[in-house]
Structures are given as structure tokens and as C-alpha cells.
Amino acid sequence: MMEKKDIFPETTRELAQKKAALAPKNIEAWRNFSKTVFEAGALDEKTKQLIAVAVAHVTQCPYCIRAHTPQALRKGASKAEIMEAIWVASEMRAGAAYAHATIAMEEMEQYKD
């Protein structure tokens, strides 16, 4: 059976430090941006983490899923709320695929044998 580390390398503190050292100004800006984005504002922190979990599933980022799922729980989200957010993301991704069929339809209509 294939393990997650076989597909996506494990994130370690050492690896994160090495990446940060290669672009210190960028990582500092990113961390400030991320901190600011997830602070409570018009949306509370729980809602922002639920959005992050949903988006992580749409973008299919395993690192984001692993980071934001426990964050959502820490901010008060229930397991049911997290799963519902994932279902919303699933519908949006599937809906987008179907909506883009309009582009394929347009191309098929324009195609000449």
C-alpha cells in the first residue's frame, strides 16, 4: 500500500527553515499576509478556516487540507461543519466542470468537418 510520504514529502521544521532561508523577504511577507487574512474581521476565524478547508479540497492541496482541518476544529468548527464545507467545495468543482461544457459546446458548434 502506498503511503502519503510516497506521494507528498512530509513537511518538517528543517525543510520549512531551508525554504524560508532561500527567500526570507518573501516568506516574511507571506506569513504576515496569511496571519492578516485569517484574523477575525467581517468573517469570524472559524468561518475563514471552513472556507480554507473547502478551497484546499478544490485546489487539491494535501498540505493545506492537513493544516486547515485541525485549525478549523481549533476555531470551533464541528466535524459535520467541516464535511459540509467539503461537500460545498465538491459541488462547486463539479459544477464548474459542467459549466465549462459550454465552452466545449461552442467549439463543437463551430467545428467544420
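Given the convex hull over the Cα atoms of the chain, what projected area results after averaging over all orientations, in nm²?
Working: hull surface 48.8 nm².
In nm², the orientation-averaged hull projection of the chain is 12.2.
ILE27 sits among other residues whose Cβ lies under 12 Å from its own Cβ, and their net charge, with Lys and Arg +1 and Asp and Glu -1, is +3.
Laboratory data are not the source of any read-out in this text; all were calculated from the coordinates shown. If you're wondering where the values come from, they're calculated on a predicted model, not measured in any experiment. All Cβ positions, glycine included, derive from the backbone under ideal geometry; neighbour counts span all protein chains shown.
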